1. Could you work out how much longer the chain between residue 156 and residue 43 gets when fully extended? Use 0.36 nm per residue separation minus the Cα distance between them, nm to one decimal.
2. Neighbour counts of other C-beta atoms within 10 Å: give me 101, 1 arranged from fewest to most.
3. Please report the spacing between the Cα centers of segment 1-52 and segment 105-122 in Å, no decimals.
4. Highest mean first, how do 168-176, 84-92, 28-36 rank when packing is the count of other Cβ atoms within 10 Å averaged over residues?
5. At what distance in angstrom do the alpha carbon centres of segment 124-187 and segment 87-104 lie from each other?
6. Based on other C-beta atoms within 10 Å, arrange 74, 62 from fewest to most.
7. Calculated from DSSP H runs of 4 or more alone, at -39500 (n - 2.57) each and per residue, what is the 222 nm mean residue ellipticity of the chain, nearest 500?
8. Pull out the extension gain between residue 106 and residue 134, defined as 0.36 nm times the separation in residues minus the alpha carbon to alpha carbon distance; nm, one decimal.
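What follows is calculated from the coordinates using simple rules that are stated; it is not laboratory data. Note that the structure is predicted; figures quoted are calculated from it, not measured. We place every Cβ from the backbone using ideal geometry, glycine too, and count neighbours over all the protein chains shown.
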Ligand code: AMP
């Protein structure tokens, strides 16, 4: 089983690359942001709760997010492996993911991080906001809050995976194909 955490700040290109990589490596792609958006669209209680945080650019509380992620993994007992996109985002989530992988007699093989300068992220997200329909892409203040939240709570996960020799940084600026090649060069060594 190959389990990869695709990491990086908002707008780094995780979702775009995960869509390509899941087919290339036959992995199940789980995006916690997509699951929350699905719940918002279907007006579930989880969606209502998540929306109150997402609209402000804040993270959804760990307990809720971890329970949801566990359920998503459990829905795919036959997966050859997973690409986690947008999870973990806090140290508590990283520990929960490690416990979950242990239970499946598996592990996270690597955190592959897309590295992109903050101002490029803001530009990309404002551009995406013109067509994504995502309220959190439409407002520069919310975009900057999402990036700030990343530095407050998520960026430290680099260290968490570096300590396990599982961190791989990749330049996230270039064409989609160039970046896929850089990511594949890492994944092929795992
Ligand atoms: P994303 O689609 O990954 O950009 O996520 C959009 C929003 O969903 C984030 O700004 C958070 O509010 C929420 N979210 C997604 N994944 C997580 C997570 N792992 N932990 C907490 N909140 C999350």
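1. Numbers: separation 113, 0.36 × 113 = 40.68 nm, distance 3.29 nm.
Extra length available between residue 156 and residue 43 comes to 37.4 nm.
2. Working: 101 17, 1 13.
Ascending number of Cβ neighbours within 10 Å: 1, 101.
3. 13
4. Highest mean packing first, the order is 84-92, 28-36, 168-176.
5. Using only Cα atoms to place each centre, the spacing works out to 19 Å.
6. Working: 74 10, 62 17.
Least to most surrounded, the residues fall as 74, 62.
7. On the way: 9 runs with 101 residues, N = 190.
My calculation for the chain gives -16000 deg cm²/dmol from helical runs alone.
8. 6.6 nm
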